[in-house]
Structures are given as structure tokens and as C-alpha cells.
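The values are calculated or read from the model by the stated rules, or taken from the named source; none is laboratory data. Bear in mind that the values here come from a model prediction, so they are computed numbers and not experimental data. Cβ coordinates were reconstructed from backbone atoms using ideal geometry, including for glycine residues, and neighbour counts include every protein chain displayed. Remember, those area values only see protein heavy atoms, side chains included, never the ligands or the DNA or RNA. Shrake-Rupley method; radii C 1.70, N 1.55, O 1.52, S 1.80 Å.
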Amino acid sequence: MITTILTTATILCSQILGSPTIDRYEGWVMANVEIECPEDIEYLRDIGARSLACYDHPGQTQMLMTEKMVENARLHRIETKITERDIANYIKKIDQIRGEARTAGVGGWYSDFKTWPEVNQQLQQLANNNPKLASVFEVGITHEGRAIRGIRITSPGDATNRKRILFNGCQHAREWIAVMVPVYIAEHLIEGWYNNAEIQSFLDTTEVIIVPIVNPDGYEFTYAVGGDRFWRKNRRNNSGSCEGVDLNRNWDIDWNGGDSTSTSTCSDIYVGPSVFSEPETQAMRTLIESLPNLVTHIDFHSYSQLILKAWGYTSTPHPDDNIIQALGVAMHDAYQSVHGEQYTVGTPGDILYYADGTFQDWTTSIGTLGYTIELRPTGSPGFDLPPSEIVPTCEESFEGILAMMRFISNPVTVSFPNGLISFVTPGEMHVLHVSMQPTFGGEVDPTTAKIHIRYGETGVEGTVPLEHTGNGLFKANIPGSFCGLSTEFWFEVETTTGQNQRYPAGNAVLNVGAAQLVEEITMDQNPNWSTDGLWSWGQPIGGGGQYGNPDPTSGATGNNVMGYNLNGDYESNLSEKHLVAGPYNLSGNQNTQLQFSRYLNVEQPMYDHATISVKSGNDSWQTVWTNLSEITDDQWQAVSYDISTVADNSPELWVRWTMGSTDSAWQYSGWNIDDVYISTSIESGMVGDVNCDGLVSVEDVLTIISSWGPCEGVCAEDIVPDQNINVSDLLLVIANW
Ligand SMILES: [Zn+2]
């Protein structure tokens, strides 16, 4: 086998920057096509146009077409714009960019896309250099006799009972970035084992299996002279004019079900002669069946910047959708945190349309949480991602998989559905809504949910049970303590099987200070904010709700609100419509928070958007929050956002709520906003300064003594928060005298 690989490598390395596809697409052009409905895609497929997207979808998409097809599409009223008339020239340009990137070498091994032999060599080298952590293995052999290779990575020791995670790339041959990312993950997990305690601890309990190239025949064909840069399928000989099966339609989950599938051998989405007909899908199935305790799986593809979850083949939600969605959102947030690239989470049906027989659905059907991640870019230039974006795409993907590893390390997933503020006010109770959901089945025992609170890093810890309001939702009362140090807190909860979860791993820190209400807009009077579209002030009439819930019939307090269409749903095909409040002068202020009451119904973000943003002066708008899923409020929600990075010290703060854009179907009742508060706080005081006079003195002792005894709720004197004003509080004052 090694001889074969080396021989192939020698031949292919000299050809890698050759120009495949030159003759194959004589007479073809590349076009941007505006798809309005699935029928348009069907029509284009029928006339022989080749989509370059991994999943076809409504909106603008890249296609390979002949001039005749372009003409027909236009006659069919499908807007089609030719972007490249000379495919050979396109390929030459791509090769030139790649050649330059390879010569410059920025990013080392990741400076340019790598061929199958180069990837195999890299995996082998990783294993050779780290034999106690990694080993290369053969998954199976393809139609053309190539070995599909994988690498196993875990800490030394018996891995039998460890959790397992699978990452693979390149079911689709032309999606080159989907090969680079899994190799990067392998390399950086190994490297992380030596210098990152968190990664080492993951690998102590988890075995990671990585198969960067599931489809080496197709992948090599996209590089070969006489090959096809635009090849998607494997290289099955279909004994006719067309080769190949779409491996990501060959899995046994609604195989050949008719959603984004074809029985034509010439189609890019050909399902194959039978379910699991292909050596590549068979080999991956055999591998997976040999992996007990396979918890999660990611199948990397490009492009569109999507995190696709199960199910892909049906609109019926998965019974564990809350967990599947939570992990999707965790990865989404991690992806976006690195370079600010926007990714979207959802099922293929939510985001694009259904697809049958896919890998992610099959792994999900056997009890693993399977995802498809469509990597960069969002659109043009499609799978010909510039080589300069390889490293950034790998970096954000690595954060994404770390988020996955963190997630599966936690038996309970803790989140804050109404936001998390960054300071509390002395003497006032802040109610924090906390969601605690089991990560992998089982149940949370609500009687074990508690919050640990202490003041400052060295304060004495108090523990208070959480109030369970049903369905894993809790209310935590965060005491706005006293003039002194920050409030630190963390949660603890157990599952009914006795697994303990602490959240966060460290402590959450809230600054404590005297809150200053900068603005209080109760909506009892018209605030006369700048409005656009159907934004207006008044009493909502409970209208709308074609999907989701209707509007409320009054404000959270009083009758009136600022709402988008007080009489019903938002419109279809809406552009962004803004409600702008401000300007507010926050000079000299810090810890600025935005709080308001929300009653919002909006479709999920692939279709419809609801956004909050802020800006200072003439700076650009910064997004504070946007819907990451469908939102269907049926009661008023108190929400709080930390806007300090933009608002603190701003002489001119603007706050904006946006309805839209929206798509052509499914209307919801949209935004209703009431009781808007902008507050800031001055951090002040010292530990033990119970009465906030700037001194720890006998006055503070007297204040404690005068309130001696049990404390209901929050007491400013209960500076060791144990709901008792007692000797521990007194001792803390004396200690800070
Ligand atoms: Zn793909």
C-alpha cells in the first residue's frame, strides 16, 4: 500500500497545479441564478444545468450552464447572470491564485489545498510523531482501489469505555476546504494535548476519529489532468455515459425518498443503484458500527456557512431536538466568535429544503448526534475558497469542535433564555432566568438545582436552592448585595442518575454598584422614537399569528407598547424596518445595561429576522442580539443585555430594534416592546461597608446588629449571603475594618 501511495504522490504532485477541466466545459459558462422556488431548481436540473452548491436552495446560486440553458432559463423567467464565459480561464485563474499561495507559504501546510497523497502523508506524520496519542488506520477501499484513511486520537491508556466523536470530510469531491478542516482538527487536538489542559482532559475521556477524505477517487478526479474541478460524486462506473454516485444520498435513511434525490446516473444527486451500494458508505458504516459510544458526528462540506442538524429528510422534529439545537447553537456561537463570520443553525428543511439519504441523518438514526457543517464561503466563489481563507476557516472550525467537546462533557446544559446582565444593584434582587436541560437524555432533578453566591474572590460562599418554574426552567435570585466587591456565582445541579454539573466552570462575575437609571421608557406616553414601516406606538389588539402566537392585547405594564404592526403580523418580503431610540448621553457611565419587556414572534433566521443593535455616535451599528431560532413568545419576557462595550462613556448612544428582512411566506406577529430601561452603575465601596458611606466602621456593625436574625430574600446586611444576618456577617465587617 505504501508503495502505491508514494507512486501516486510522485505523479500527482507534479500535476497538481495543472489545468483539469479545460476541454470538458468547452461551450459552458458559470452563472449566478436567482432561484425563487424549488420548481425552478427542478427545471434547471431537467435542462442539464449543474448547481455548484452542496445543497441547492432558493436565492442566488452558482451554476454551470451552456449558453442554450441560460437562454432557456431566461425564457422560463429565471433570472440568470453569466459571471464567467470561459471556464478554462476560470480554472487557470484559480490555479494561479493557488500557485502563488503555495509559493508564499503563509499558513504552512495550510497555505493551499492538498491532494489525497499529501493528506495521507500528513496524517501518517502526525501519527509517527505522536505514537502514544494517534494512529492511522484504513477505513476501506474505493472503486478505483484507493485506501480511505482515518486517524484515531486519544490520551494514552485503555480507550475501550471512552466516548467517541467522528469528524469526516469530503463525501463531495470538489469541496476542498472540507478536507483541510479535519486535518487541522487532528493536528491541533494532538498539539493541544501537550499544552492545553482542557484538550488533554477531553482526550482523557474521549476518542476522536477523523476521516478527512471519505471520497478519495472523486477528490483526486478534481485535481487530475483530464479530471473535473466541479466533480461532486464518487467514481462508480455506471456502465453508461455518466459516472458516480452522490455518497451523501446513499445512506439508509429515507434512501431515494425524492427530496433532493435523483435516480438518473447523470445527476449530481444520483442516489446509487441501491442503499449502501458504494464501497465508501459501506466502509464508513462498518467503521461506525465498530465504535461503541459514538456520541457526536460532524460531516464537513462546503459551502454556505450552515450548521445543519437532524432531521434532513423530514419536518418531524427529532425527539431530542432541544439538545440537538443547543449543541448546534453552541457550535454556531463558537464559529462566530473567532472571526465574526455569520453561520446559521437549522435543519436542512428549515434552511434550504429536505434531503434524503444523508450521512448526518443516518448517524443520528443510530443514536449519535449527527451534523453537517457547510463551511465558508456563504456564496461566490463557492467551493473555490481563496487559499488565504483556509487557516481562518480551520481556526473557527476548531473553536466549533471544542464547543462540541465541552458540550458533551457536560451532563446538563445551562443557558440564560432572557439574557445575562453584568452588574447588580445593591439592595435589590435581580431575577435571572436559567434553563437547565439534560445534554444527553436522562432528566434533571430540579430539587438539586442551586446557586452558589459569594462576594468577591475570597468571600464566604452561600448556597440557595433555585425556584423551579417547570420544564427545566428556573428562577435564580441574584442578590444586589451591598457596597463592595463583585457578586460571583455558579450553579450546581444533578441529573436523576446522580451526575453532577457545575456551571460555569469558573465563576460568573457580576459587578455590584449603585444602579443609575439613565432612561426609563414605560410606553405610557409615546416616546416619539424614529420609526420605519409599520413600527408604531399604541395598544396591540391581539392580532396576527398566522404562525407562532398572536400579538398581546396590552403592554407588560399599562396598555401601550412600541410594536411592529399593532394590528397583526409583519409583512412578507420585508426589508429591514427600524425602530430607533436615542440619543442618550452616557458620558462618565459604566456597566451600561439595556433591559426591556419583550413579546416577540418571528420565524427562524434563514427566513425572517428580529435584531437589536446599538451604536455610539456615528460608529457602525453593533448587533446585541438576533434570533438564532424561531421565537414564539406567548407572554411578556423580561430581557437584559450587557451593552457596556458600546455604550459606556458614549456621549450619544442609539438603540435600534429591527423587524426583517423576511421571506415570501409564513408571517408572524413580530416585535412588541415595553418598559425599556437603560441603566448604568458605579462600582464603589469596600467589603463590609454595609451602609455605603465609604467607610467600614462601627456604623456598619450597628446596622448589622439592628437587623440581626433570619433574612427573607435579599438583605443588604447579609454580606455573607446565607439568608441569616448573624455573626459571620459581623466577622466580615471586622475583618475589613
Ligand atoms: Zn457537500
Determine whether Ile521 is more than 29 Å from Phe423 (Cβ to Cβ) and of a type outside the set (Lys, Arg). no
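Does segment 545-559 hold any residues that are in contact (Cβ under 8 Å) with a residue 60 or more places away in the chain and closer than 18 Å to Asp674 by Cβ, and which are they?
Hits for segment 545-559 are Asn549, Pro550, Asp551, Pro552, Gly555, Ala556, Thr557, Gly558.
When you go through Val720, Val639 one by one, which is the residue that is surrounded by 17 or more Cβ atoms within 10 Å (Cβ to Cβ), under 30 Å from Pro465 (Cα atoms) and at pLDDT 80 or above?
Matching residue, one of Val720, Val639: Val639.
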Of all residues in segment 611-647, which are among the hydrophobic types (A, V, I, L, M, F, W, C), assigned to a strand (DSSP E or B) and more than 17 Å from the chain's Cα centre (by Cα)? Ile612, Val614, Ala638, Val639
Output for segment 165-189, where each listed residue is touching a Ser or Thr at 6+ places or on another chain (Cβ under 8 Å) and either hydrophobic (A, V, I, L, M, F, W, C) or in a helix (DSSP H, G or I) (or both): Ile165, Leu166, Ala173, Trp176, Ile177, Ala178, Met180, Val181, Tyr184, Ile185
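Does Tyr607 qualify as being of a type in the set (Ser, Thr, Tyr) and touching a Pro at 6+ places or on another chain (Cβ under 7 Å)?
For Tyr607, the condition - of a type in the set (Ser, Thr, Tyr) and touching a Pro at 6+ places or on another chain (Cβ under 7 Å) - is not met.
Considering only segment 572-610, state which residues are part of a loop (DSSP other than H, G, I, E, B) and either over 20 Å from Leu628 (Cα atoms) or of a type in the set (Phe, Trp, Tyr) (or both).
Asn585, Leu586, Ser587, Gly588, Asn589, Gln590, Asn591, Thr592, Tyr599, Tyr607
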Just one listed residue, out of Asn589, Asn649, Asn627, is farther than 20 Å from Asn573 by Cα and surrounded by fewer than 20 Cβ atoms within 10 Å (Cβ to Cβ), and it is Asn649
Scope segment 346-367; condition within 16 Å of the ligand (Cβ to nearest atom) and closer than 18 Å to Asn250 by Cα; matching residues: Pro348, Tyr353, Tyr354, Ala355, Asp356, Gly357, Thr358, Phe359, Gln360, Asp361, Trp362, Thr363
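So which residues in segment 335-345 are surrounded by fewer than 22 Cβ atoms within 10 Å (Cβ to Cβ) and either in contact with a Cys (Cβ under 7 Å, 6 or more places away or on another chain) or not in a loop (DSSP other than H, G, I, E, B) (or both), if there are any at all?
Scanning segment 335-345 gives Gln336, Ser337, Val338, His339, Thr344.
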Checking Thr314 against (1) surrounded by fewer than 17 Cβ atoms within 10 Å (Cβ to Cβ); (2) not in a helix (DSSP H, G or I), which single condition isn't satisfied? (1)
Checking the condition buried (at least 22 other Cβ atoms within 10 Å of the Cβ) and either among the polar types (S, T, N, Q) or in contact with a strand residue (DSSP E or B) (Cβ under 6 Å, 6 or more places away or on another chain) (or both), which residue from Ser397, Ser388, Ser409 passes? Ser397
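Let's see how each residue does on (1) in contact with a Lys or Arg (Cβ under 8 Å, 6 or more places away or on another chain); (2) modelled with pLDDT of 90 or more:
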{"site": "Tyr43", "(1), (2)": "no, yes"}
{"site": "Asp46", "(1), (2)": "no, no"}
{"site": "Leu64", "(1), (2)": "yes, yes"}
{"site": "Met69", "(1), (2)": "no, yes"}
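So which of Ile288, Ile298 ends up being away from the ligand (no atom under 15 Å from the Cβ) and either open to solvent by less than 10 Å² (accessible area, probe 1.4 Å) or touching a residue at least 40 places away in the same chain (Cβ under 8 Å) (or both)?
The unique qualifying residue is Ile288.
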Going through segment 174-183 in order, the residues found to be near the ligand (Cβ under 9 Å from one of its atoms) and within 15 Å of Asp217 (Cβ to Cβ) are Arg174, Glu175
Could you tell me whether segment 652-662 includes any residue that is at pLDDT 90 or above, farther than 30 Å from Gly542 by Cα and either open to solvent by 20 Å² or more (accessible area, probe 1.4 Å) or not in a helix (DSSP H, G or I) (or both)? yes
If we keep only residues of segment 225-261 that are within 16 Å of the ligand (Cβ to nearest atom) and hydrophobic (A, V, I, L, M, F, W, C), then the residue nearest to Ala173 (Cα to Cα) is Trp231
Flagged in segment 368-380 as open to solvent by 10 Å² or more (accessible area, probe 1.4 Å) and either within 25 Å of Gly192 (Cα to Cα) or within 16 Å of the ligand (Cβ to nearest atom) (or both), in numbering order, are Leu369, Arg376, Pro377, Thr378, Gly379
Cβ-Cβ below 6 Å, separation at least six or inter-chain, first residue in segment 238-254 and under 23 Å from Ile148 (Cα atoms) and open to solvent by 50 Å² or more (accessible area, probe 1.4 Å), second away from the ligand (no atom under 14 Å from the Cβ) and among the charged types (D, E, K, R): which pairs? Glu243/Arg235
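Let's see how each residue does on (1) closer than 22 Å to Gln325 by Cβ; (2) buried (at least 21 other Cβ atoms within 10 Å of the Cβ); (3) not assigned by TED's automatic domain parsing to the domain that holds Gly59:
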{"site": "Leu566", "(1), (2), (3)": "no, yes, yes"}
{"site": "Glu571", "(1), (2), (3)": "no, no, yes"}
{"site": "Glu576", "(1), (2), (3)": "no, no, yes"}
{"site": "Leu594", "(1), (2), (3)": "no, yes, yes"}
{"site": "Glu603", "(1), (2), (3)": "yes, yes, yes"}
{"site": "Lys615", "(1), (2), (3)": "no, no, yes"}
{"site": "Trp621", "(1), (2), (3)": "no, no, yes"}
{"site": "Thr645", "(1), (2), (3)": "no, no, yes"}
In segment 461-480, how many residues are crowded, with 16+ Cβ neighbours inside 10 Å and outside any strand (DSSP E or B)? 3
I'd like the residue in segment 51-78 that is under 32 Å from the mean Cα position of the chain (by Cα) and open to solvent by 40 Å² or more (accessible area, probe 1.4 Å) and, out of all such residues, is farthest from Thr347 (Cα to Cα). Gln60
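Having 1 or more residues that are basic (Lys, Arg) is the bar; report the helices (runs of 4 or more DSSP H) wholly within segment 191-293 that clear it. Walk me through it before giving the result.
On the way: elements: 197-205, 216-223, 279-289.
Correct list: 279-289.
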Could you list, in sequence order, the residues of segment 438-453 that are open to solvent by less than 50 Å² (accessible area, probe 1.4 Å) and modelled with pLDDT of 80 or more? Pro438, Val444, Asp445, Pro446, Thr448, Ala449, Ile451, His452, Ile453
